[in-house]
Each structure stands twice: as structure tokens, then as C-alpha cells.
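First up is the structure itself, then whatever we jot down about it.
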Amino acid sequence: MTTTMREEFVRTAEEVLADPRSVLVLADISAAAFAPAAAHHPDRVVNVGIREQLMIGVAGGLALTGQRPIVHSYAPFLVERAYEQIKLDLGHQGVGAVLVGIGASYDRAASGRTHLGPADVALIDTLDGWTVHVPGHPDEVRPLLRAAVCGSGSAYLRLSTRSNTTAYPEAGGLRVVRDAGPGAPLLVAVGPTLDAALDAVADRPVTVAYTHRPRPFDTAGLRALAGAEVILVEPYLAGTSTRVVSEALADRPHRLLALGVGRADLRRYGGPEDHDRWHGLDAAGLRRSVDAFLGSPT
Amino acid sequence: MTTTTATELAPLLDRVRAGREFGPNVYSTLDVLQVLYDRVLRITPATVDDPDRDRFLLSKGHAVAGYYALLAARGFVPVEWLDDQGGPASRLGDHPDRTLVPGVEIGSGSLGHGLGLGVGTALGLRAQGRTTPRVYVLLGDAELDEGSNHEAVAYAGATGLANLTAIVVDNHSATHGWPGGAASRFTVNGWSAATVDGRDHDALHRALTGHDHHRPHVVVATVDSEE
């Protein structure tokens, strides 16, 4: 039985806690899952209670003493609620941390708007020097987390209950999954959008590249693969990477279609598959958007 | 009662001031800063990177003029830096930046960040088994309005974070006040507390060294609201 990204995170975090530099900082979320680790490392598994501002402040203070904090909660509480702490207690102090969010854009769709976090990557993208990992399969989580913890800068891992069928652990740079030859339109799928994207262009000559690291975006790979038409499919706010792609291709005539989660609060519950459909991110919705962009397949 | 006021620092303050008028927040912290740097903190210009140094975190980052003057007087930064404070080539802004000023532990200015950073620093020192250094965070009574402080106060008290001292300079500037006293917000969460005259150096010294090593400690230094 395959594990979830969250389970992979817990397992890997327990591993990296063997390094005395590592400290896990929690705000109640996942505290039960980390109870064994907390018993093992009482000084390095810190649960501050439901206090997200303090969670990030504590991470900043730990990093100032040379520790490597791993900070974890649901994406909206981790990134949106404590945004100024991320900006000042980490970035402005000149220290780094590894933030691990769960819930992604709408994993907890039935919980409603309060638990949705489609703007997290866009918010992190306002800050300088961050690496953003968006794994598309549970097997991608462990190597990404281990590498992030071994670094010294700031990184955001965006975990989801959504997953592709195939794991691509080495896909920080754009990895070609389907090659339609030179000059073909390029579709870049980020994280768990890959399967639906492949399905959507199955009957079209479109090159499909996959990445689980939208920041820093592989602009060199993009320039090598892109023709005159580029399609971005991202599992968070639509257009989050438009700036990066436009800057990378500024010297070339090109057209860009940026697909992702819409801005509107839909005020609807259901499951993540329903929200995929409502945001046009299921295979049928992506196909409609691609048809409109490239013209209907002949 | 021993009060030196700012006589020793007055010429340096004048260099920072460059003709500007300073508000009460600058003067209300001077005595506390002098007692800390002269009688309490185990930190010198030679030990600003020593992992076993005491940490002083100025959370109310606008109270910076006296801080810079004191850092210059004690040799942490060149006195000449004071002359163009806030200028385009200066390392000394109206709020301090830890990456630009030797001896400054945190960049501050937005209120309500220092105590959380101080809790994390105290936890980091504890995780490293460093039992000697102590973390001191200086706040203002109006700064306590920020809810982030209360997250830190509750957590540090509940977990008995014994290597942490908060200092609240209380010049009665909080818009809605703290009925019952600022210290009560800490003691109800399990901190030890001392409220003293913020101009009395001996009283400040006793309060700042009055922690019991079992729980976090707060010193409320009261000064006149006109100061």
C-alpha cells in the first residue's frame, strides 16, 4: 500500500531529527503523528500550541542559534496567517527554515474557504531567495525534504493528498515526460497536475514537461524546450509563474496560457475532484482551455 | 537611588540626534540599557559571535538612538557611525538591522516580533545544552498590544522556559492601558516578575538578576509617561 505525502513527511522528519541541528516546530497540527519523535527528542520537537505567529518566530530564533527549523501546518495557517513573521523573522533576520505545508489548494474542500490555500506559492514568491517544492507523488517527498533540510536557505514544501501515478524524484529542472518534437507547443505541469495534463493533450502534438520545483523555476530548461506556445498548469493560483515564464522568454515572440486555481471564493464544499472540475483543472477542463488556446485538434 | 540618567551618553546621543527631537521612547530605555550592558549582559565587542554569549534582543526597534549610542560607547560600533545615522550610506537605520550592526541580535521595527524570536533563541540554546547564556528581550508597554507577544508569553510560561527574561519599559503609552499592571499578563502564565522604578539602577539590577532558573522572568521598568 502506498503512503501519503504527509506520512512520507512524518517518516522523513523523524529521520532528519537524528541530526542534532534539526528542530521540528509545530502548532498542534500533526502533533499526534510526531508524538514518538517528541518522546525521543524532547528539546527538538517543539509544539507551541495553536500559535502560528509564535511558530514562525520560534523558527527564526532557533535559526539564529544555528539550528535548522522544520515548520509545519496547514498551508493557509503556515503561510498566510504568519506572512509577516515569514518576511521578518526569517528573511529580514538573514536566516532560513524549511516550511512544510499540507492541504495544498483544496485537499480539505469540505472544510470550506478557511482551510483552502491556493495563494500560498504566490505569497512565498513575493519573498527573495526561496525554493518552492511541489511534489506530485509521495515518493518525491523524502529526497526533497532531506535536500531542503541539508541546505541553509529557506524552502517551502507544498504537500497534497493529490498525486500522479508515476513518481519523478529527479524533476527539479523541467523533465520531459512526452516529447512532441521541435517547435511543438510546450506544456509545463507542476506537481500533481501532471496526470490530468497528459490526459488532456493525449491526442495532440504537445511536449509535456514536469517539474516539482517551481522556484527557482528552470528557466534554462524552459528556453531549451519552448517554441512559440507555452501552457503552464499549476495546482495553485493561476498565473503564479506567469512572471517567471514571461521574463525568461522576453526576447522571443510567444503566447502563454497560464492555468491554475481561480481567485474567487466559490463557497462550495465537495471534494478536491469537484474543485478540479470547477477550476477547469480536470482533464476535460484542461482540454477545453488548450483547445481554445491552440485551436481544436484536426 | 542610583540614577546616572544619560549624562555619560549625552554627547553620543547628540551625535545621533543631529538636531532632531527625540521622543519619550528614546529616554525611557536609556537607564535599562545602561544597567544591562554594564552590569548584567555577558557580552563584549569581542564576543558578539560567541555561541555562549548572552543575547539582548531589542524588540521595540524604534528606541534605537540610545541603543546606538550605547553600542558606540561600549565599542561595538565606531563612534563615527553615529554622525550620519539614517543616511544613505549609514549602517544605522531608524530601526536596527542585525546584518549591518555588530552586536545587534535582531532586526526589529515592526512591533511584536522580538519575544517570539527570543523564545526560539532560548529553545535553540537549550537544545544545544548551553545552560550559561540567557536571552533578554526589551519591549514597550504599548508593544504588548500586539497579540504575538501573548502567544509567546503563554507558551514560555507553560513550558517553564527558564533562560528567558522579558523587560517591559512601561511609560504608559499603551492606548488602552494594562489594568492591573503589565506584569500580571506574565505572572498569570507562570512567569516570575518584578516591577521597579525604571530610573533606579540598583533596583533594575536586582530585578534583572532576580530570576529563579525555573521559569521565565519579566522585569517591568516603569518610567514617567512624560519621559
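The values are calculated or read from the model by the stated rules, or taken from the named source; none is laboratory data. Note that this is a predicted model, so its numbers are computed, not measured. When we count neighbours, we look across all protein chains shown, and the Cβ atoms used for this are built from the backbone with ideal geometry, even at glycine. Note: areas computed on protein heavy atoms with side chains; ligands, DNA, RNA excluded. Shrake-Rupley method; radii C 1.70, N 1.55, O 1.52, S 1.80 Å.
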*Sort out which residues of segment A:72-94 are away from every other protein chain (no Cβ under 11 Å) and surrounded by 24 or more Cβ atoms within 10 Å (Cβ to Cβ), and write them in order of number.*
A:His72, A:Ser73, A:Tyr74, A:Ala75, A:Leu78, A:Val79, A:Ile86
*asked:* I want to confirm something. Restricting to segment B:125-138 and keeping residues that are open to solvent by 30 Å² or more (accessible area, probe 1.4 Å) and basic (Lys, Arg), which single residue is nearest to the other protein chains (Cβ to nearest Cβ)?
replied: B:Arg126
*Among the residues of segment A:10-23, is any in contact with an Asp or Glu (Cβ under 6 Å, 6 or more places away or on another chain) and within 14 Å of chain B (Cβ to nearest Cβ)?*
no
*asked:* Anything in segment A:146-159 that is assigned to a loop (DSSP other than H, G, I, E, B) and out of contact with any Gly (no Cβ under 7 Å at 6 or more places or on another chain)? List them, or say none.
replied: A:Gly151
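Here are B:Ser90, B:Ser59: which of them is farther than 15 Å from B:Leu36 by Cβ and among the polar types (S, T, N, Q)?
Working: B:Ser59 fails: farther than 15 Å from B:Leu36 by Cβ.
B:Ser90 is the lone residue from the list that is farther than 15 Å from B:Leu36 by Cβ and among the polar types (S, T, N, Q).
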*asked:* Out of B:Ala122, B:Ala166, B:Ala152, B:Ala156, I need the residue that is out of contact with any Asp or Glu (no Cβ under 7 Å at 6 or more places or on another chain), under 16 Å from B:Val32 (Cβ atoms) and surrounded by 21 or more Cβ atoms within 10 Å (Cβ to Cβ). Which one?
replied: B:Ala166
*In segment B:27-39, is there at least one residue being farther than 28 Å from A:Thr65 by Cβ and touching a Leu at 6+ places or on another chain (Cβ under 8 Å)?*
yes
_Which condition from (1) free of Cβ contacts under 8 Å to residues at least 40 places away in the same chain; (2) assigned to a strand (DSSP E or B); (3) open to solvent by less than 60 Å² (accessible area, probe 1.4 Å) is the one that B:Phe186 breaks?_
(2)
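Name the single residue that is farthest from A:Arg146 (Cα to Cα) among those in segment A:34-71 being open to solvent by 50 Å² or more (accessible area, probe 1.4 Å) and either of a type in the set (Ser, Thr, Tyr) or more than 7 Å from chain B (Cβ to nearest Cβ) (or both).
A:Ile50
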*Can you name every residue in segment A:15-31 that is closer than 20 Å to A:Ala148 by Cα and open to solvent by less than 10 Å² (accessible area, probe 1.4 Å)?*
A:Leu17, A:Ser22, A:Val23, A:Leu24, A:Val25, A:Leu26
*Kindly list, by first and then second residue, each pair from a residue in segment B:132-161 that is over 25 Å from B:Val223 (Cα atoms) and in a helix (DSSP H, G or I) to a residue that is modelled with pLDDT of 95 or more and among the β-branched types (Val, Ile, Thr), limited to pairs with Cβ atoms under 6 Å and residues at least 6 apart or on different chains.*
B:Tyr155/A:Val48; B:Ala156/B:Val119
_Just checking, does segment A:232-255 include any residue being modelled with pLDDT of 95 or more, among the acidic types (Asp, Glu) and under 14 Å from A:Ser105 (Cβ atoms)?_
yes
*Give me the pairs: first residue in segment B:85-109 and more than 12 Å from every other protein chain (Cβ to nearest Cβ) and free of Cβ contacts under 8 Å to residues at least 60 places away in the same chain, second residue open to solvent by 50 Å² or more (accessible area, probe 1.4 Å) and of a type in the set (D, E, K, R), beta-carbon distance under 7 Å, and six or more apart or on different chains, which are they?*
B:Gly86/B:Asp94; B:Ser90/B:Asp84; B:Val101/B:Arg91
*Report the residue count in segment A:256-275 for those that are closer than 22 Å to A:Ala196 by Cβ and assigned to a loop (DSSP other than H, G, I, E, B).*
8
